[in-house]
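Below is one structure, written out as structure tokens; comments come after it.
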Amino acid sequence: MKTYPHQLALTPGSVARGVVRLPGSKSISNRMLLLAALASGTTEIRELLSSDDTQVMLAALQKLGVRWQQHDHNQDYAVTGAAGRFPVQSADLFMGNAGTAIRPLTAALAAIGGDYTVHGVPRMHERPIGDLVDALNAAGARIEYTGQPGFPPLHIHAGDLHPRIMQVRGNVSSQFLTALLMASPLIARDHALRIDVVGELISKPYIEITLNLMQRFGVVVERDGWVAFRIAPGQKYQSPGVLHVEGDASSASYFLAAGAIAGGPVRVEGVGKSSIQGDVRFVEALERMGAHITMGDSWIEVRSGGVLYQHLAQYRQLAREGDR
């Protein structure tokens, strides 16, 4: 059993350099798991994030009858898809506090049909889901709140979803639109489906992630800017074979900033110029501030020769003079 110190003393340093292997992106990991579960064929997912959220999703998929296997205790998984219909049609699903799991899975369950209860830890029951439930119920789903209206836990009954148009608010959480988009091929079996966004859509880069991953699984979504999305009928998820989970671009920013401030070189591995994450554009800000950036398909390296460190020292001096 590991033991950890009660405190960790950090001493100032003037130089940062080295190589960091990033953990996988949570947003990409759970999207990949659900899409792989809904697809036909077996998907090899490499370097899945090890976290409570992904473990919750894996456990829920297993209860729904989806077969998956972890390879040699590392973070590589093989997921055998259920071809758009989960084998288990009645289940009680514990989702912890994983918003990236409960919202897309709720939409998928409502579209597939069955009898499911979905719940989580007390904090999850304080996280809104009403806009997603309203959109699904308006389209023919039968989802009931078993606690406070607008929040989990939920009871999902077999419904009849055949809408041509669905609407969802965009200014609360992009996860609601992501959920409808991921479930859309299950809904648009016989006719096209249009999803309209009401109001301003927030967190647009996360929708880009969703659309990119759906396309990798063979489903193309036509887009009218950020206000409407159209899914042609008859599309089905197909396994792309092998997928790699990108490193988390948000986590990368801290190490990249350290290299930019304190000389470098600092290289992060797992995310690069081919990234589908919006946060990777942080390197553009560093570059405009004078840092030197080099990128490969799955790595980013930053160095500055102390340029930004000198700028910060100047700013501190000016601030001290202004306080006098």
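Just so it is clear, none of the values below were taken in a lab; they were calculated from the coordinates. Computed from a predicted model, the values in this text were never measured in an experiment.
See the values below:
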{"item": "Helix runs (DSSP H) in the chain reaching 24 Å along axis by Cα, Kyte-Doolittle at least -1.0", "result": "307-323"}
{"item": "Percent RCO, i.e. relative contact order, over the chain, from Cα pairs under 8 Å lying at least 6 residues apart", "result": "18 percent"}
{"item": "Built amide H within the under 5 Å cut-off of Ala228, gap 5+", "result": "Val197"}
{"item": "Estimated [θ] at 222 nm from DSSP helical runs (n ≥ 4, -39500 (n - 2.57)) normalised by residues in the chain, nearest 500", "result": "-11000 deg cm²/dmol"}
{"item": "Relative contact order, percent, region 5-85 [alpha-carbon distance under 8 Å, six or more residues apart]", "result": "35 percent"}
{"item": "Beta bridges by DSSP in region 26-244, antiparallel share as percent, to the nearest 5", "result": "60 percent"}
{"item": "Candidates Glu47, Glu246, Glu284, ranked by Gaussian network fluctuation over the chain, Cα under 10 Å, top entry", "result": "Glu284"}
{"item": "Residue of Leu201, Leu105, Leu35 that the Gaussian network model of the chain assigns the largest fluctuation, springs spanning Cα pairs under 10 Å", "result": "Leu201"}
{"item": "Cα gyration tensor category, rounded, prolate or oblate, for region 26-244 with a/c compared to 1.5", "result": "rounded"}
{"item": "For the chain, built as a Gaussian network whose Cα springs stay under 10 Å, the top-fluctuating residue of Asn30, Asn74, Asn137", "result": "Asn74"}
{"item": "Count of Lys pairs (Cα-Cα under 23 Å; at least 8 positions apart or interchain) in the chain", "result": "5"}
